[in-house]
Each structure stands twice: as structure tokens, then as C-alpha cells.
Amino acid sequence: MPERDPPHHAPGIGPPGRGPAGIASPGIGPPGMGPPGIASPGSSDAGDSRSRFPLGASATIAELDGNPHVLLRRLRQDEPVSWLPVLGGWLVTRHDLALRVMRDSETFTVDDPRFSTALVVGPSMLSLDGAAHRRHRDPFTQAFRGAEANARLESFAVATAGRLVAGMRADGRAELRRSLAGPLAVAVVAEVLGLAETEPAVILSWYDAIVSAVTALSAASATSVPGATPAGGTAAAGTAAAGTAAAADDDAGGDHRAGRAAFSALRSSIEAAIGRPGASSLLAAAAGTGGLSTDEVVSNAAVLMFGGIETTEGMICNAIWHLLSHPDQLSMVVAERNLLSGAVEESLRLEPSAAVVDRYATADASLGAARVRRGDLVVVSIAAANRDAEVFADPDRFDIRRSNARQNLGFARGPHFCPGAQLARIETQAAIEAILNQLPGLRLDPGQPTAPRGLVFRKPPALHVCWTVQPGNGAGGLARA
């Protein structure tokens, strides 16, 4: 769950073309809206950016949102740290420089008042650095590492994925984002938070209201400052804000009230869940350490909800899409199931569901050939770093036997490495195992082609598949087809 303001729409609901702040596009996040920031020409190298960073100066939202990999490769080769006016900040595309930024939280921080999530849910491990970040994060890290909790969650994910796929088995076709990936991610989040008895639709309504409040605050803040562009989701947010400036304040007020009401409902449910005698959820374990107040537990629960739903849904969809798009690799997994973990990791490398993470410079710093100034937005392109040929041979190839696939940065690095990384892997493998076991002849629907897209959070907008319906269509799936 890389640190970034959450996406605007809940997974599995809303139109298939949903994308970052109104742009048609597609974690453990439709893409998101980053915190509001101000482009700073004159305070940094951005002043002469067109001459010093011509590739960055000419980059467009369409390039970044659709298939950005050609542009990202050129940037990585020629301008590995480049000023992009459409983002209102620096874009880092080289693997070693991306690592440097993510590991150095003293110079490149998430702890910035422009990070609007904290305005809705309060301070959390998403929006803090240093000692405060460790205090918020450590109880959850310990809980996620618990062997018993992990075994229970793995069993739950496997059973839930199997049940979801069994329900569609007789249909012969399905859209897997809404029928499998999204529902599985929501169910696991509910289990983590101790909300298994809460209807998924209710959890999604909280999610949507809270992130809508964050989005509205970002847009309103951006339109209140001449020339401002929301950073992080940045250009995406700026594009949306440009057409709604007149209504931004009213929208922000209404959405903020709805968001606070949803957060209050989430808080009541979380308090009841962790206060229940014998509560054994991962969240209850984290709360039981005594290191966090109830307010802080609830704030971090909201953050887990963001990451656990959006980015995991994307990770599942991307992995299925990659395998079905490469029949030779799929056949290898069918023949040797122990290759599945490598396939999941390689998919995460090629198309990380969270494509970028945001940081803010706390001091002037040299980064590559760029002179970053205090306060500048620094956007790390995980998608670009994951295809760095200096690290990954033949980087654009999907190779499930790639020996160093785990060097990918899909879960970020440094102090903000995703605490739910292993759980996201478990869910993705469970989803793929379920379709391999139960859906014979599974293939992408040739009449409805798709591919991952999205400026911030990347996945197929919809994942239509079909398979062979057999008499009694029981287990067997691809492995026996």
C-alpha cells in the first residue's frame, strides 16, 4: 500500500471507464487524486524546464494514462529526473533514484499539509514520517507478521475466491473485476478489520464517501490558488478541477460532510469490533498493543481499507490479464503450480497497481541532474523503475521465471513499504488458483479487449473473460481442460 491519497471511486462499482479524477482509465487504489500541490516554476529548475527537460515538458496526461511505457523509457534514459508541468512536480523514473527517494524520508517526506487524506481521517501511517510514523505503523506490522493471523487470512481468501468463482461457473463468461477481484478484496478487508458481519455494500459506501471527500478537498484547494495543480494525482486532479472550479467549494463542503459521516460510521463499527470480547481480527491485535489511541486505530483502519481494496483489486486483475495474454506462460503455470508466485510477482513488476507514489522535498537536494527545491513535489514512477533495463533484463517481457522479479518496487520501499504486501500476494494467488481449478478453457473475451491503464492506479477498466461450460461443470479447470 504505497503512500498516496486514495482513489475516488470504490472498486467493483461505478462505470468501467472510471479513472483518475474523471480521466477514462483503469492494493493491496479507478485511480486516485493526490494531495493538492502548487507547481513551482521559478523556485526550482522548472523555470527553464522546456530547454532542460524537453521530454518532461511535452508529456501529456493521455500518454501517462494510457500506455505510458514508451514515454517512461525515454524519460528514464534521457531525463531520469524530469520536471513535468502536467504533474506540477518532478517525475523520477530510474530504479536507483526511485529507491533513494523512497528510503530517504528525511529529505523526501509524505508528512506535508497538502496531503489531504489526513484532513478527513486524521493522521495515520499514510501521512506521517519519522517517530510518529513508526508509532502508527509498528502495531500493524507486527499483526501482519503473525503466523496464526496470516494462516487464517490465507484460508479465508482461498475459501472466498473459490466460492465467488463457483457462483459464476455455469455462466460461461464474466467480468472478473466486479465479480471476483473487487468482491474478494472487500471481503478480505472486512475480515482484517473485524467487520465480517458488515455488508460489503456498506463498507464500499464508507470507502466511496471518504475518498470523495478527499477528492473534493484536493480540487477545492487547487482551484483556490491561481496556477495551482493538485500534486500526486496531480495532473489528473488538475484536469478534473479545471472544469469544476466554480462549484469546487460547495462540492468540497458537501462531500466533506458526507465523508465525515461515513468516517463516523466506520469509527462506530471499528470501536465495536475491537471492543468485542475475544476479538481476534488483525485490527484488534494491532489495537491490543496499547500504542495507539482509538482515534489513531480508526484512522489507520481507514488507510488499510483504502489500500486493501483498491490496489489489491488492481493487482488481481493485472495478474489474470497478463497470464491470459500470454498463453505460453499460462501453460507453464498450469503444468507447474509452483510457478504461480513468480507469475504474480512478474505481473506486479510489469504493471504495478499503484504506479506512482508522492513525496515532498523537505530541503534543497540534488537528484540525478535535477536541483530539487524545498517544498517541491517529487513523484516516483514505480511503473518506470520496474522496467529499468539496468536491473531487469529484457524489461518489457512477461517472464514468470525471472529470477529477480522481487526487486520490483510495486509495494514501495523504505519506511513506507506496504505492510499488507504478503496478504495482497495471497489474495492474488487465491483468485488465480480458483479460476484455474474451476473454469475450463478460460480466455480473454476477444470481443471485449482490454489492457491496464491509469495515471495513478493501473488496471483494466473491465476484464471480460469466457470459458467452456461443461456438463456439471465441477472442479477441474484449466489444469484438466
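Out of the stretch 374-466, which GluC sites (Glu not before Pro) are coil in DSSP terms and have no more than 10 other C-beta atoms within 10 Å? All intermediate terms of the calculation are to be shown ahead of the outcome.
Values: sites: GLU390, GLU427, GLU433; in loops: GLU390.
Of the GluC sites (Glu not before Pro), the ones in loops of the stretch 374-466 whose Cβ has at most 10 other Cβ atoms within 10 Å are GLU390.
Sorted by packing (mean other beta-carbon atoms within 10 Å per residue), highest first, where do 105-117, 332-344, 173-185 land? Mind showing how you got there, number by number?
Details: 105-117: 21.4, 332-344: 17.4, 173-185: 23.4.
Per-residue mean Cβ counts within 10 Å order the peptides as 173-185, 105-117, 332-344.
Once R0 is set to 25 Å, what does the formula 1/(1 + (r/R0)^6) return for the Cβ-Cβ distance between SER403 and GLU336, expressed as a FRET efficiency to the nearest 0.05? The partial results should precede the final answer.
Numbers: r = 16 Å, r/R0 = 0.63.
FRET efficiency, SER403 to GLU336: 0.95.
Just want the ordering: PHE263, PHE411, from fewest to most Cβ atoms lying within 10 Å of their own Cβ. Please list the in-between numbers first.
Working: PHE263 20, PHE411 26.
Fewest-to-most ranking of PHE263, PHE411: PHE263, PHE411.
Go through the stretch 422-433 residue by residue and turn each phi into a ³J(HN,Hα) via Karplus (6.51, -1.76, 1.60, θ = phi - 60°); whole Hz please, and just put x for glycine and proline.
My calculation for the stretch 422-433 gives 5, 5, 4, 5, 4, 4, 5, 5, 4, 5, 5, 4 Hz in order.
First select every other residue whose beta carbon is under 15 angstrom from the beta carbon of ALA343; then total the charges, Lys and Arg +1, Asp and Glu -1. Kindly include the intermediate steps, with their values, before the conclusion.
Working: positive: ARG337, ARG349, ARG397, ARG401, ARG402, ARG406, ARG425; negative: ASP328, GLU336, GLU345, GLU346, GLU351, ASP399, GLU427, GLU433.
Here the count lands on -1.
Need the full-extension length gain, THR289 to GLU63, defined as separation in residues times 0.36 nm minus the C-alpha distance. One decimal, nm.
Numbers: separation 226, 0.36 × 226 = 81.36 nm, distance 4.62 nm.
Length gained, THR289 through GLU63: 76.7 nm.
Add +1 for every Lys or Arg and -1 for every Asp or Glu among the other residues with Cβ under 13 Å from the Cβ of ALA393, and state the total. Don't jump to the answer; show the numbers that get you there.
Details: positive: ARG349, ARG387, ARG397, ARG401, ARG402; negative: GLU346, ASP388, GLU390, ASP394, ASP396, ASP399.
Net of charged neighbours comes to -1.
How would TRP321, TRP90 line up from fewest to most surrounding beta-carbon atoms within 10 angstrom?
Working: TRP321 22, TRP90 28.
Taking fewest neighbouring Cβ atoms as first place, the list is TRP321, TRP90.
What does a probe at ALA261 reach in the stretch 199-215, counting residues whose amide N is under 18 Å from the point 7 Å along Cα→Cβ?
So the set is 201-215.
Could you compute the FRET efficiency for GLN77 and ARG134, with r as their C-beta to C-beta distance and R0 at 35 Å, rounded to 0.05? Before the final figure, lay out each step's value.
On the way: r = 37 Å, r/R0 = 1.06.
Result of the calculation: an efficiency of 0.40.
Between the alpha-carbon centers of the stretch 63-133 and the stretch 189-208, tell me the distance in whole angstrom.
29 Å
Tell me, what HN-Hα J-couplings in whole Hz come from the Karplus equation 6.51 cos²θ - 1.76 cosθ + 1.60 at θ = phi - 60° for each residue of the stretch 463-469, using x for Gly and Pro?
Computed from phi, the couplings for the stretch 463-469 are 10, 7, 9, 9, 7, 8, 8 Hz.
Every number here is computed from the coordinates shown, using simple stated rules; none is lab data. Note that the structure is a prediction, hence the values are computed from the model and not measured. Please note: Cβ atoms are built from the backbone with ideal geometry, for glycine as well, and neighbour counts cover all protein chains shown.
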